[in-house]
Amino acid sequence: MNLKYQNLVNQLIANKKCLAIMGPTASGKSQLSMLLAEQMPIEIISVDSALIYRDMDIGTAKPSQQELDLVPHHLINTHDASETYSASEFVEDVNRLVTEIYTRNRLPVLVGGTMMYFNALQQGLSDLPPANEKIREKWLQIWHESPNLLHEKLLDIDPVSAERIHKNDPQRLVRAIEVYEITGKSLTEFRAQPKKGLPDFELIKIALIPENRAKLHKQIEVRFLSMIESGFLQEMKGLYQREDLNEDMTSIRSVGYRQAWLFLEGEYDYETFVYKGLVATRQLAKRQLTWLRKEPDVTVIDPYKTSPEERVKLALSLLNSKV
């Protein structure tokens, strides 16, 4: 680590600033954060809705144990696959972690591609009630029997949300109905209220956005096939055999895991599993890129037009310009 950067970190802490490294899946976010850790004192906060789950390592491209040992990481391996984790919990955790990391004279670096989390952190959250598992299970069962019925129910109580949420998205459909059933107020009404949880720190944002989409798709394919070769299906079998997990749980709905679950259930053959997994990962990347294009005040770096060393220099230059 280069000690000359401690002064830079101290200035960023004094100004309550953090670094955020955003980007689509397989764009090199983790690599950049680890290289930055060689130059300056940082701690990494994961902004990834799947990395929180224990025993989901290969399919999430989780940092290796060596990487976790080299650099302090947060919000990784914090939950069992049977548990849920909300955007509001994420915001609370990040606000706490940033303060703690500042006290250790290190720069918090938020790394990941769960754009909903980044949005919640920057825009605040509606004061929604916590989940109610009994209500959720009831409506999920109804969705399995008739997806249209669930969407029609939401159309009656909250037409604005029904217009926004697709009938094949059970998690969001059930959440919208659950909120109404618990509170008597629609999700749209809650969204119109003042937000809570806005942080008292500022994000300096880098987005790794490849101009060449074909190269990103190729990298996604290479990484997904490498995961399979590294034992992803064996990892999935361990989850599939658990009696407390099912395909509707948030953890199992993660990209790749849902397709592997359906393969183990016999709904897909192996070739279809690979195809569906790749398609789902490309669709995730497309959604991430769509969100990133609307992200304000972000410095874009093309990971395929720069070397790792150049990306580190650009990141350090950006941080120097923000003190």
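Listing for the model above:
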| item | result |
| --- | --- |
| Gain upon complete extension [T183, E267; 0.36 nm per residue less C-alpha separation] | 26.4 nm |
| Cross-link pairs beyond the 21 Å C-alpha cut-off, checked among K215/K276; K29/K62; K237/K276 | none |
| Sulfur and carbon atoms: percent of accessible area, region 172-276 [1.4 Å] | 47 percent |
| The chain - Rg over Rh from alpha carbon coordinates, Kirkwood radius | 0.97 |
| Interatomic Cα distance distribution for region 205-262, bins of 5 angstrom, percent | 4, 16, 21, 18, 14, 13, 9, 4, 1 |
| Under the Karplus curve 6.51 cos²θ - 1.76 cosθ + 1.60, θ = phi - 60°, whole-Hz ³J(HN,Hα) for region 40-53, x wherever Gly or Pro sits | 8, x, 10, 10, 9, 10, 6, 10, 9, 5, 9, 5, 5, 8 |
| Per residue, in Å², the accessible surface of the chain once ligands and nucleic acids are set aside, probe 1.4 Å | 50 Å² |
| Zero-based 5 Å bins, Cα pair distances in region 108-155, whole percents | 5, 15, 14, 14, 14, 20, 11, 4, 2, 0 |
| For region 83-213, average projected area of the Cα convex hull in nm² | 10.6 nm² |
| Mean Cβ neighbour count within 10 Å, used as a protection proxy, ranking 252-258, 135-141 highest first | 252-258, 135-141 |
| Average projection area in nm² (convex hull over Cα atoms of region 254-323, one quarter of hull surface) | 6.8 nm² |
| Heavy-atom accessible surface of region 1-130: percent carbon and sulfur, 1.4 Å | 46 percent |
| Where only C-alpha atoms are counted, convex hull volume of region 193-298 per residue in Å³ | 174 Å³ |
| Cα-derived Rg to Rh of region 148-222, Kirkwood definition | 1.19 |
| Label-reachable residues, region 248-262, where backbone N falls under 14 Å from a point 7 Å from R287's Cα toward its Cβ | 250-259 |
| Distance between region 220-241 and region 147-197 - C-alpha centres, whole angstrom | 34 Å |
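The values are calculated or read from the model by the stated rules, or taken from the named source; none is laboratory data. In this text, all values refer to a predicted model and were calculated from it rather than measured experimentally. Please note: Cβ atoms are built from the backbone with ideal geometry, for glycine as well, and neighbour counts cover all protein chains shown. Please note that ligands, DNA and RNA were not included when accessible areas were found on the heavy atoms of the full protein model with its side chains. Shrake-Rupley method; radii C 1.70, N 1.55, O 1.52, S 1.80 Å.
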